[in-house]
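So the structure is just underneath, and the comments pick up after that.
What follows is calculated from the coordinates using simple rules that are stated; it is not laboratory data. Here the structure is a predicted model, which means the values were calculated and not measured. Heads up, the Cβs are rebuilt from the backbone with ideal geometry, glycines too, and the neighbour counts pull from every protein chain shown.
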């Protein structure tokens, strides 16, 4: 609960048995609800990719003042900050830009902006599990530096492609195209795709790390993402940020 001045004032006058009566004359406090964070930040999930270049300053909530009457040290009074896209909300301060509520100290991770520039593709940080904080002491995560996500290395993508080639994924795709060339295409899942689809159907909305861990045997998160992206192209999964969810066609694919 935040506080603000009420311009109406009151004076207390004792009236004997009548107790205390108030008339206008002195200042009192009255509670008032204010916005808890920067505009729009509450709707974003950890790791969700943001494509804008300009955002409301999280530290001053877009007012340009922090504390009131003083120019915001983050946006220099402009009320907005600029970040090169793509970007993600700061997981360490949850996009508020402040170290702790009502301390007037900028977040040590995002420096008060509330957002970070990132290099795609990204995945949830396995060390802090997307919190941006060290699991033991709540300091900034040494792995993601407060972002809650990390960039997937190019080597991992190459390893996933090699793994796909080893299991004959591309050969299966070419064979399927040849069989259906004169027929109306039927989108269905097979092999590892089918297993990934069953994991999502069983456990619900998942990111690629969770899908990879629940496959049997477990696979790399990059490989799981390749399978899920293939299912998205077939219309059997829908991608929502870093998460995958089912479409109405998933049941037909598993028949």
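For segment 44-66 and segment 83-157, compute the distance between their C-alpha centroids and round to whole Å.
So the two Cα centres are separated by 14 Å.
So, by mean Cβ neighbours within 10 angstrom, what's the order for 58-65, 126-133 with the highest one leading?
The densest-packed peptide leads the list: 58-65, 126-133.
Consider a paramagnetic label point 7 Å from the Cα of residue 129 along Cα→Cβ; state which residues of segment 88-111 have an amide N under 16 Å from it.
92
Give me the log10 of I(q) over I(0) for segment 35-151 at q = 0.16, 0.20 Å⁻¹, as the Debye formula computes it from C-alpha points; what are the numbers?
Calculated log10 I(q)/I(0) at the listed q: -0.66, -0.99.
What length, rounded to one decimal in nm, is gained on full extension from residue 240 through to residue 205, with 0.36 nm per residue of separation minus their alpha-carbon distance?
11.7 nm
If neighbour count is taken as other Cβ atoms inside 10 Å, put 216, 192, 70 in order from fewest to most.
216, 70, 192
Using a 7 Å offset from the Cα along the Cα-to-Cβ direction at both residue 84 and residue 232, what is the distance between the two label points in nm, to one decimal?
Inter-label distance under the simple model: 2.4 nm.
Could you put 84, 240, 207 in order, starting from the residue whose Cβ has the fewest other Cβ atoms within 10 Å? Mind dumping the intermediate values first?
Working: 84 8, 240 12, 207 21.
So the residues, fewest neighbours to most, are 84, 240, 207.
So, in nm, how far is label residue 198 from label residue 247 when the simple model puts each one 7 Å beyond its Cα toward the Cβ?
2.2 nm
Measure off 7 Å from each Cα along the Cα-to-Cβ vector at residue 119 and residue 105, then give the distance between these two points in nanometres to one decimal.
3.2 nm
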